[in-house]
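> Sharing a structure, written as structure tokens. Questions coming.
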Amino acid sequence: MEQKIFLKESDIPKQWYNLAADLPSPMLPPLGPDGKPIGPEMLAPVFPMNLIEQEVSTQRWIDIPEEILDILYRWRPAPLRRAVNLEKYLKTPAKIYYKDESTSPPGSHKPNTAVPQAWYNKQFGIKRLTTETGAGQWGSALAFACKLLGLECKVFMVRISFDQKPFRKFMMQVWGANCVASPSNETNAGRKILAESPDTPGSLGMAISEAVEAAVSDKSGKTRYSLGSVLNHVMLHQTIIGLEAKKQLAMVGIKKPDVVIGCAGGGSNFAGLSFPFVADKINGANIKIVAVEPTACPTLTRAPFAYDFGDTACTTPLLAMYTLGHAFVPQPIHAGGLRYHGMAPLVCQGVVEGLIEAKSLNQTKCYESALLWAHTEGFICAPETSHAVAAAIDEAVKAREEGKEKTILFNYSGHGLMDLVGYNKFIEGQLSDYELPQEELEKFTSCLRDLPQAKPQKTGKW
Ligand SMILES: *Cc1c(COP(=O)(O)O)cnc(C)c1O
């Protein structure tokens, strides 16, 4: 029984897969401040044109440049592993496979897009990238990529994490990035928020406003902004995960998985593993595809589908997505990541169409699953990843109850070695469950009424 399935370097996928080419119903276009669809040129102050082309592309396969592959080879192809010890513990007839994205230098899937983004910016003549980061995984991934490609990197890190989780900030410093707490005094957006609420813990939406402003206000024109999730080109870059997984399952004689699972914050690691399988499902395959989110930030499971901004200061284009409202501030009691108010429009369209199912889980259940994982498989997973682990366990238990020999595949998006404070709090009994109350949800989403309405389109086939 093979527990680790490796691809040869020469078998690494040479193209990314673009789900936009195969969606059964078209996506709603991003809108500008006037409520009209935006053209690529409107994004030009924020992103380089080569990435904007990918953002709007409906070409099915997009070549991965050789120079990007040369960097990805440092840790890719990533192993596909089988959780045989967890299977034994659960006495399940199911096979549980997981794609191990924790083996990249920063420890998550995020470098799969950080490296191409830094490379395309460099090609375009850009010298400096700005970004935001929550707990610090994205900031550390972009710092790593910028160092390898010789770009400067500026990171606005959500204040509460900056203070409480210093280790990823230290990683960014090791890779030469400049990391400041957000809201900061360096931008108009930051100064305005600080004047109104000096003690704010910050949020991803606020940090995005600062990072975009810092990029577009550089008079030299050599700075651009970089986003670690949500956008179409980020989903595209992450599909290398699912494309590798397909080849690896074939190596152990599995034609298709029965269940594919990923945790979802902005949607990128979920999309990366699942989109190549969503394509198979569109073509008739019977696969259950599940995105898992926390009950504290229930974007896909409870939020309305609407046009909304990506940031608090309302500077980004309006995206059609499930959203908790751009002013959403997640509860600090929730330890894990996955706290963004919106969700990748491509993932949302998959949910609208019924190709993708969404479910939400409480954090104590996720930490219990993470401990069971550490006690059986031995690895310590990221708190975000624990949502996928918990959902995989649920599916394996269900397979046992039904007496079915299913293949379950999930994305092991990152390790938790920088997140031990959360584990410590759980073990000390300091974490509780939190379900976003309906009144809170309605309060945060009330702003959406004043924005253009989004009518979800679907074929009704799934
Ligand atoms: C950032 C992150 C996530 C959530 O982001 P997505 O874009 O939804 O993938 C999940 N897991 C890990 C380990 C992360 O670093």
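> Would you say Phe328 is more than 16 Å from the chain's Cα centre (by Cα), buried (at least 24 other Cβ atoms within 10 Å of the Cβ) and aromatic (Phe, Trp, Tyr)?
Yes: the conditions hold for Phe328.
> Here's something else I'd like to know. Based on this model, can you work out whether Gln137 counts as more than 27 Å from Asp22 (Cβ to Cβ) and touching a Gly at 6+ places or on another chain (Cβ under 7 Å)?
yes
> Exactly one condition in (1) without any contact (Cβ under 8 Å) to a residue 40 or more places away in the chain; (2) within 14 Å of the ligand (Cβ to nearest atom) is false for Lys147; which is it?
Result: Lys147 fails condition (2) only.
> Can I ask one more? List pairs: first residue in the stretch 186-206 and free of Cβ contacts under 8 Å to residues at least 40 places away in the same chain, second residue surrounded by fewer than 22 Cβ atoms within 10 Å (Cβ to Cβ) and of a type in the set (A, V, I, L, M) anywhere in the structure, Cβ distance under 7 angstrom, at least six positions apart or on different chains.
These pairs meet every condition: Glu186/Val180.
> Hey, another quick one. Considering each residue of the stretch 232-284, count those that are in contact with a Phe, Trp or Tyr (Cβ under 6 Å, 6 or more places away or on another chain) and of a type in the set (S, T, N, Q), and give that number.
1
> Another one. From (1) free of Cβ contacts under 8 Å to residues at least 40 places away in the same chain; (2) under 25 Å from the mean Cα position of the chain (by Cα), pick out the condition that doesn't hold for Gln430.
(2)
Each row is one residue, and each column tells you yes or no for (1) on the phi < 0 side of the Ramachandran plot; (2) surrounded by fewer than 18 Cβ atoms within 10 Å (Cβ to Cβ).
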| site | (1), (2) |
| --- | --- |
| Asp22 | yes, yes |
| Gly35 | no, yes |
| Gly39 | yes, yes |
| Met49 | yes, yes |
| Ser57 | yes, yes |
| Arg74 | yes, yes |
| Arg81 | yes, no |
| Lys88 | yes, yes |
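> Select from the stretch 16-49 the residues that are over 25 Å from Asp63 (Cα atoms) and among the aliphatic types (A, V, I, L, M) and list them in ascending order.
Matches in the stretch 16-49: Leu28, Leu31, Ile38, Met42.
> Further question on the same structure: Go through the stretch 256-276 and give me each residue that's away from the ligand (no atom under 13 Å from the Cβ) and in contact with a helix residue (DSSP H, G or I) (Cβ under 8 Å, 6 or more places away or on another chain).
Hits for the stretch 256-276 are Lys256, Pro257, Val259, Val260, Pro276.
> Check Met206 against each of (1) assigned by TED's automatic domain parsing to the domain that holds Gln117; (2) closer than 22 Å to Leu51 by Cβ and name the one condition it does not meet.
(2)
> Still on this structure: Given the condition part of a loop (DSSP other than H, G, I, E, B), over 25 Å from Pro33 (Cβ atoms), at pLDDT below 95 and within 14 Å of the ligand (Cβ to nearest atom), answer yes or no: does some residue in the stretch 304-326 qualify?
The answer is no; no qualifying residue exists.
> Search the stretch 105-144 for residues being more than 16 Å from the ligand (Cβ to nearest atom) and aliphatic (A, V, I, L, M), and hand back the single one that is surrounded by the fewest Cβ atoms within 10 Å (Cβ to Cβ).
Step by step, filter the stretch 105-144, then rank; the result is Ile126.
> Go through (1) within 16 Å of the ligand (Cβ to nearest atom); (2) over 24 Å from Gly414 (Cβ atoms); (3) in a helix (DSSP H, G or I) for Ala279 and report which single condition fails.
Among (1) within 16 Å of the ligand (Cβ to nearest atom); (2) over 24 Å from Gly414 (Cβ atoms); (3) in a helix (DSSP H, G or I), Ala279 violates only (1).
> For the stretch 368-449, please list each of the helices (runs of 4 or more DSSP H) lying entirely inside it that holds at least 1 residues being within 16 Å of the ligand (Cβ to nearest atom), touching a helix residue (DSSP H, G or I) at 6+ places or on another chain (Cβ under 9 Å) and assigned by TED's automatic domain parsing to the domain that holds Pro330.
Where helices (runs of 4 or more DSSP H) fall fully within the stretch 368-449 and carry at least 1 residues being within 16 Å of the ligand (Cβ to nearest atom), touching a helix residue (DSSP H, G or I) at 6+ places or on another chain (Cβ under 9 Å) and assigned by TED's automatic domain parsing to the domain that holds Pro330, they are 385-402, 420-427.
The values are calculated or read from the model by the stated rules, or taken from the named source; none is laboratory data. Predicted model, so just to flag it, every value in this text is computed and none were measured. Cβ sites come from the backbone with ideal geometry, for glycine too, and all protein chains shown count toward neighbours.
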